[in-house]
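Please treat every number below as a calculation from the coordinates, not as lab data. Keep in mind that what you see is a predicted model, and the values were worked out from it rather than measured. Every residue, glycine as well, gets a Cβ built from its backbone with ideal geometry; the counts of neighbours run over all protein chains shown.
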Amino acid sequence: MKMIVAVIRDEYAQTLTEQLTHKGFGATKLASTGGFLRAGNTTFLIGVPAAQLEEVMTIIRTSCPSKKSIKGDLTLKEGSLKGAAANPAAPLPSEVEVGGATVFVLDVERMIKV
Ligand code: 2BA
């Protein structure tokens, strides 16, 4: 069994929930915040038999296309950049490419429902 931890953009959460539910996959949705942009995103926990991992990855890929995001508040971004402290003259990015999903796949020893 695998545990998929997928950090996605908020706007894709409903589509992903619908697609997973439609295909019979269980998921838990958590409200989360990106450490860099400090904007809200959504984290899915999806427990899945190893044999169905690629099926779920395909659902995530199609439900969460990559998109650009522009950060308006450079003050917050500056505070979050470690390099800025070491080199205040370094230019800050005004636009970053935010992926549709950042996915971690973990081995699950056991899944128990009591
Ligand atoms: P954020 O941390 O808000 O990052 C948003 C986007 O900002 C990132 O998109 C990346 O393009 C850019 N970025 C992040 N850190 C940066 C840095 N130090 N310098 C320059 N640009 C930086 P994604 O990579 O697609 O990540 C989207 C979200 O996925 C992240 O939101 C975070 O919530 C999560 N994430 C990404 N990598 C992670 C990791 N290694 N561990 C845990 N969560 C992660």
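Compute the length gained on full extension between residue 53 and residue 1: take 0.36 nm times their separation in residues and subtract their Cα-Cα distance, giving the result in nm to one decimal. All intermediate terms of the calculation are to be shown ahead of the outcome.
Numbers: separation 52, 0.36 × 52 = 18.72 nm, distance 0.88 nm.
Contour length minus Cα-Cα distance gives 17.8 nm.
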Worksheet item: Name the residues of the stretch 18-44 whose amide N is less than 12 Å from a point 7 angstrom out from the Cα of residue 113 along the C-beta direction?
Response: 25-27
